[in-house]
Amino acid sequence: MKPKIAFLGMGIMGVPMAENLLGAGYPLCVWNRTPGKTAPLVVKGARAGATPAEAAGGADMVFIMLSDGPAVGHVLFEQGVAEALEPGALVVDTSSIEPARARDHAARLGARGIAHLDAPVSGGPSGAAQGALAIMVGGEDKDFAGATEVLSVLGRPTRVGPPGAGQLAKLCNQVIVALAIGAVAEGLLLASSGGADPAAVRAAMTGGFADSLILQIHGERMIERTFVPGGVARLHLKDLDNVMEAAREYGLELPLTQGVRALFAALVDHGGGGYDHSALLLEIERRSAPARLGDKPDAVPAPGPIRPA
């Protein structure tokens, strides 16, 4: 018999992840702070809980995909999810939160006899829709082994260490992604400003050492100037803040990360917090004005164009 699953958080990632679980035949109950976002899942056969505790009641596994650590903690320990779960249940937190907070959640749930995996993901909405996410898992090996079949519906799970290690791996992922986005933005802007065709430069680099998913996907976003998310800039900034907190804890200096974190902070400060993280290009252009990558209009979510400094 397939385990009963609750999924809390029907955002840009949660909906396609929950759809894949439902499509694989798992009994599913869903919850979201904005109830209307559960409707697409209900139409496909899921139940909707009025509260997170109601959704989690009777579940064997609870998946969480929320914006940050405080939101996860609030749902678990202030909105009744921990109390609603029976000993032996498993919480799988796919949100991106602080490693220390993930360790705390694991300990607090463990005291109730509830297992916990921190299992943040990478791959964006397209990876979520295709069931092709990279899933970085921290937790006990026996809990990971028991969850592998379900996690494999969502992508490729890899256990990277004890509680909190999954979140640490995600921070490493976000460092590399942020630096790569910045590098692609600077490289394409340099090409454009020097008179080369940036789209042709991007194509010419395909297959070379500079090639990457960031160059392919985010480079195209920059050339087309399409900044509707995708990965949200303010959430990437949140992750980079968590990186810097971890670096201080470990006694590390991360100068490249510190620099790109400042660029993301400026992008958010200038109104781009809701844009795709590839919109880091806009902050680099702002500092290099009047340089601009191409002449296409910006496609951005409300409230509109990035405001000047």
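The values are calculated or read from the model by the stated rules, or taken from the named source; none is laboratory data. None of the values given here were measured: they were computed from a predicted structure. All Cβ positions, even for glycine, are placed from backbone atoms using ideal geometry, and neighbour counts span all protein chains on display.
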Can you tell me which residues in the range 106-123 are of a type outside the set (D, E, K, R), buried (at least 20 other Cβ atoms within 10 Å of the Cβ) and in contact (Cβ under 8 Å) with a residue 40 or more places away in the chain? Ala106, His116, Leu117, Ala119, Pro120, Val121
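Residue-by-condition table, conditions (1) out of contact with any Gly (no Cβ under 7 Å at 6 or more places or on another chain); (2) of a type outside the set (D, E, K, R); (3) within 20 Å of Pro70 (Cα to Cα):
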site	(1), (2), (3)
Arg221	yes, no, no
Arg225	no, no, no
Ala233	no, yes, yes
Asp241	yes, no, yes
Tyr250	yes, yes, no
Gly259	yes, yes, no
Ala262	yes, yes, no
Tell me which residues, restricted to the range 267-280, are more than 17 Å from Val175 (Cα to Cα) and either small (Gly, Ala, Ser) or free of Cβ contacts under 8 Å to residues at least 40 places away in the same chain (or both). Val268, Asp269, His270, Gly271, Gly272, Gly273, Gly274
Could you tell me whether any residue of the range 238-245 is within 13 Å of Val177 (Cα to Cα) and touching a Phe, Trp or Tyr at 6+ places or on another chain (Cβ under 8 Å)? yes
Determine which single condition Val72 fails, assuming it passes every other condition in (1) hydrophobic (A, V, I, L, M, F, W, C); (2) surrounded by fewer than 20 Cβ atoms within 10 Å (Cβ to Cβ); (3) touching a residue at least 24 places away in the same chain (Cβ under 8 Å). (2)
Kindly provide the set of residues from the range 63-110 that are closer than 22 Å to Glu149 by Cβ and in a loop (DSSP other than H, G, I, E, B), ordered by number. Met65, Leu85, Glu86, Pro87, Gly88, Ala89, Thr94, Ser95
Hey, among Lys37, Lys142, which residue is modelled with pLDDT under 95 and surrounded by fewer than 22 Cβ atoms within 10 Å (Cβ to Cβ)? Lys37
